[in-house]
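Below you'll find the structure, written out as structure tokens, and then a few comments.
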Amino acid sequence: MGLLANPVKPSWRQTVEKARACVESSGRTVVHLPQATTALSFQKESGAIIRETADQSDILIVFGGDGTMLHVARSLHGLPTPLLGINTGGLGFLTAAPVEALEKTLERVWQGELIRDTRPIMQACVYQDASPGPDIPAVNDVVISRGMASRMIELEVIVDGELLTRYRCDGFIISTPTGSTAYSLSAGGAIVSPNAKVFTLTPICPHTLSNRSVIVDMQSVIEVRILSQNLETVLTADGQEQVTLNPDDRIRVCSIPDRVHLLNLPENPFFNILRQKMLWSGSHVVRRPEDSS
């Protein structure tokens, strides 16, 4: 069993050592790698360590928030090792349990009570002067946005070879269902069930107020062309990997066969998590006696 933690989070060493003790007391083995002083550390450049740890583990326990989970998931490059997220961060849509419930959650892992949730991955490729760059994977979203200048950028968006429209906006988000509760939601996009096989295309602060979020099939190929000539434009994957774009660059985004495998508690389906994280409390309307008849 592999353990990975975000060292930026407070008390991460104590949390990891507690997890190690729980795993070893159950008769199971914690993966150690000779390439690092500890196989439990989480660093931006630790992709190779993450992959090797996952390759040797039945389950990869990740301590952190959604950002940590996204980095680990992107680093796996399609390895089927399931991730068990223990939340030491903020909202934690991708984590299974809070750190306070660590021991109880691990006991339920040993008893086989957790369920596997499979999430899609997409990838972006930037074509500069008609030459493709490296593929950039993303679990949540690919965002094309303006740089430091406080001016709108111009983009042309094509779906499956058909022009969708040209935007003047602060940016454009292509999100998976997993990413629908992230930046896309803040920009006015819909909340999408993880089982829906769709992309959400959401402009950020569009100049034309009738521009709205658009839902397309996940088998679609989305192309975005940079029309702005004198403005800095950047592409960001999952808020972590960034590429500077040039005028007339084309970005091609599509889904790929790779999947992220998450472990979750059976009493925490998506809509239950959504109600808790979004603090939805239902109607405050008082029922009248005659309504119950």
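The values are calculated or read from the model by the stated rules, or taken from the named source; none is laboratory data. Source: prediction; values computed, not measured. Glycine gets a Cβ as well: all are built from the backbone with ideal geometry, and neighbour counts include every protein chain shown.
Numbers at a glance
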{"item": "Some residue of segment 260-270 being at pLDDT below 95, among the hydrophobic types (A, V, I, L, M, F, W, C) and closer than 23 Å to Asp217 by Cβ", "result": "yes"}
{"item": "Criterion violated by Leu94 - all others in (1) more than 16 Å from Val23 (Cβ to Cβ); (2) free of Cβ contacts under 8 Å to residues at least 40 places away in the same chain; (3) of a type in the set (A, V, I, L, M, F, W, C) satisfied", "result": "(2)"}
{"item": "Number of positions in segment 242-253 that are among the hydrophobic types (A, V, I, L, M, F, W, C) and surrounded by fewer than 17 Cβ atoms within 10 Å (Cβ to Cβ)", "result": "0"}
{"item": "Qualifying residues in segment 144-176 (those that are among the acidic types (Asp, Glu) and either part of a loop (DSSP other than H, G, I, E, B) or touching a residue at least 24 places away in the same chain (Cβ under 8 Å) (or both)) - the one farthest from Thr244 (Cα to Cα)", "result": "Asp160"}
{"item": "Subset of segment 55-78 that is crowded, with 24+ Cβ neighbours inside 10 Å and among the small types (Gly, Ala, Ser) - its residue that is farthest from Arg116 (Cα to Cα)", "result": "Gly64"}
{"item": "Cβ-Cβ under 7 Å pairs, at least 6 apart or on other chains, segment 190-204 side in the same structural domain as Gly179 (by TED's automatic domain parsing) and under 22 Å from Ser145 (Cβ atoms), far side of a type in the set (Phe, Trp, Tyr) and part of a strand (DSSP E or B)", "result": "Pro203/Tyr167; Pro203/Phe172; Ile204/Phe172"}
{"item": "Flag if Gly179 is of a type outside the set (Lys, Arg), closer than 15 Å to Ala138 by Cα and assigned to a loop (DSSP other than H, G, I, E, B)", "result": "no"}
{"item": "Failed item, numbered, when Ala19 is tested on (1) crowded, with 22+ Cβ neighbours inside 10 Å; (2) modelled with pLDDT of 85 or more; (3) within 28 Å of Leu274 (Cβ to Cβ); (4) within 23 Å of the chain's Cα centre (by Cα)", "result": "(4)"}
{"item": "Criterion (among the small types (Gly, Ala, Ser), at pLDDT 95 or above and out of contact with any helix residue (DSSP H, G or I) (no Cβ under 9 Å at 6 or more places or on another chain)) met by exactly one of Gly161, Gly147", "result": "Gly161"}
{"item": "Test: residue in segment 115-138 that is surrounded by 15 or more Cβ atoms within 10 Å (Cβ to Cβ) and not in a strand (DSSP E or B)", "result": "no"}
{"item": "Strands (runs of 3 or more DSSP E) contained in segment 192-268 and holding at least 2 residues of a type outside the set (Gly, Ala, Ser) and within 30 Å of Gln111 (Cα to Cα)", "result": "250-264"}
{"item": "Condition check for Leu163: among the aliphatic types (A, V, I, L, M), out of contact with any His (no Cβ under 9 Å at 6 or more places or on another chain) and surrounded by fewer than 21 Cβ atoms within 10 Å (Cβ to Cβ)", "result": "yes"}
{"item": "Counted residues, segment 184-239 - those being in contact with a Cys (Cβ under 6 Å, 6 or more places away or on another chain) and aliphatic (A, V, I, L, M)", "result": "2"}
{"item": "Members of segment 174-200 found to be more than 15 Å from the chain's Cα centre (by Cα) and buried (at least 24 other Cβ atoms within 10 Å of the Cβ), listed by number", "result": "Gly189"}
{"item": "Filter result for the condition that a residue is at positive phi, in the same structural domain as Ile222 (by TED's automatic domain parsing) and of a type in the set (A, V, I, L, M, F, W, C), over Ala130, Ala182", "result": "Ala130"}
